[in-house]
Amino acid sequence: MDQNAKIYVAGHRGLVGSALVKNLQAKGYSNLVLRTHAELDLTDQAATEAFFASEKPDYVFLAAAKVGGIHANNEYPAEFIRDNLAIQTNIIHAAWKHQVKRLMFLGSSCIYPKQAPQPMKEDSLLTGPLEPTNRPYALAKIAGIEMCWSYNRQYCTKYLAVMPTNLYGPGDNYHPENSHVIPALIRKFHEAKISNAPTVTVWGTGTPRREFLYSEDMADACVFLMNLPDEKYDSLLGSDEAKTGKFEPPLVNIGVGEDVTIKELAEMVKQAVGYSGEIVFDSTKPDGTARKLMDVGKLHSMDWRNETNLKTGLGISYADFLSD
């Protein structure tokens, strides 16, 4: 990407989008196009089309999405599939219509089957049933990958889907019910610390294993991929299965390649927050998938690796929570 290229970051106020903006600005990209939800409703096809017609961005990072944890996914399945399908459909089509050079679609590791072999490779996509607690969201994201793939095949576009593992970091959503596991735990342990509560209850058994990636490392990987030379970048855009006989979606996993149990995570958050009470696990609550570890061999083969370990990242995240 040329330093003066016009870059649209959709969803720039979220955890992913804000990290992307910070990374791009640090690398000298100043011609960023940003719109809040109040300024541009991406579920509105006409409004999205008018925006692309007016701004004509060169590159697009599609980080806008309706996201949440297990509780939010269970409570609002209709919104999760409807809003995400609308957002990505409107942006991907408008990007093609207005000749965007490259588009990056950001998804989630929940696209992979519940029983996918671990670590999960990109070709595990569509090989089995999904985790029911977030299936509507996952199906929307799978549709986004397929849409990128279809436009690449039919229109020779350069749309790449990246699937980050579980993310955390500055600008996270710390809502007590609708947040992901790390921000939810940070809030829980902080409130228990302030109130001198003797125990903190954590959902599930504590045995599931999860991989966590610091959001600013994720952003760095995305910008790294978007800046690959044509030959390398084009090799990631998926093949036409009808011609090659190979299932090769335009998909790259972004992760760290190692995981921890929820129990280990809870202990680390407890330490980061400075809480001195006990942790109690509520086994009547859902655990979700037993393990979700990404195979990051494709990304590592291109010489990119994360820089921030989990302990350091949790300390930064707690400081961010306190600054809100």
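No value in this document is a laboratory result; all are computed from the given coordinates. Bear in mind that the values here come from a model prediction, so they are computed numbers and not experimental data. Cβ atoms come from the backbone with ideal geometry, glycine included; neighbour counts cover every protein chain shown.
In table form, for the structure just shown:
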| read-out | value |
| --- | --- |
| Prolate/oblate/rounded label for the stretch 208-324 (Cα gyration tensor, a/c 1.5) | oblate |
| Bridge type composition, the chain - antiparallel percent by DSSP, nearest 5 | 5 |
| Proxy reagent accessibility, fewest Cβ within 10 Å first, across ASP41, ASP217 | ASP41, ASP217 |
| ³J(HN,Hα), Karplus 6.51/-1.76/1.60, whole Hz, each residue of the stretch 283-294, x for Gly, Pro | 6, 7, 8, x, 8, x, 4, 5, 8, 9, 10, 8 |
| Of THR201, HIS93, GLN3, farthest towards positive along the dipole that unit charges on Lys, Arg, Asp, Glu beta carbons give the chain | HIS93 |
| 222 nm mean residue ellipticity, helices alone, for the chain (DSSP H n ≥ 4; -39,500 (n - 2.57); rounded to 500) | -13000 deg cm²/dmol |
| Counted charge near ASP324, where neighbours are those whose Cβ lies closer than 15 Å (Asp, Glu -1; Lys, Arg +1) | -1 |
| Relative packing of 223-229, 306-312, which averages over residues the other C-beta atoms within 10 Å, highest first | 223-229, 306-312 |
| Pairs of lysine residues in the stretch 47-199 - Cα separation under 27 Å, sequence separation of 8 or more or cross-chain | 20 |
| Geometric extent, Cα atoms of the chain - Rg, Dmax (angstrom) | 19.5, 64 |
| Mean Kyte hydropathy of -0.5 or more with a Cα span along the axis of at least 18 Å, helices from DSSP in the chain | 77-97, 135-155, 181-195, 310-323 |
| Under 5 Å, built H, 5+ apart or other chain: amide partners of ILE254 | MET163, THR165 |
| Packing-based ranking, highest mean first, of 236-247, 184-195 given that Cβ atoms within 10 Å are counted | 184-195, 236-247 |
| Anisotropy class of the stretch 1-50 from Cα gyration tensor, a/c 1.5 cut | oblate |
| Contact order normalised by residue count of the stretch 232-324, Cα under 8 Å, 6+ apart, percent | 32 |
| Cα centroid of the stretch 62-110 to Cα centroid of the stretch 161-236, whole Å | 18 |
| Cα gyration tensor category, rounded, prolate or oblate, for the stretch 277-324 with a/c compared to 1.5 | oblate |
| Virtual spin-label span in nm between GLU307 and ASN227, 7 Å along Cα→Cβ | 1.1 |
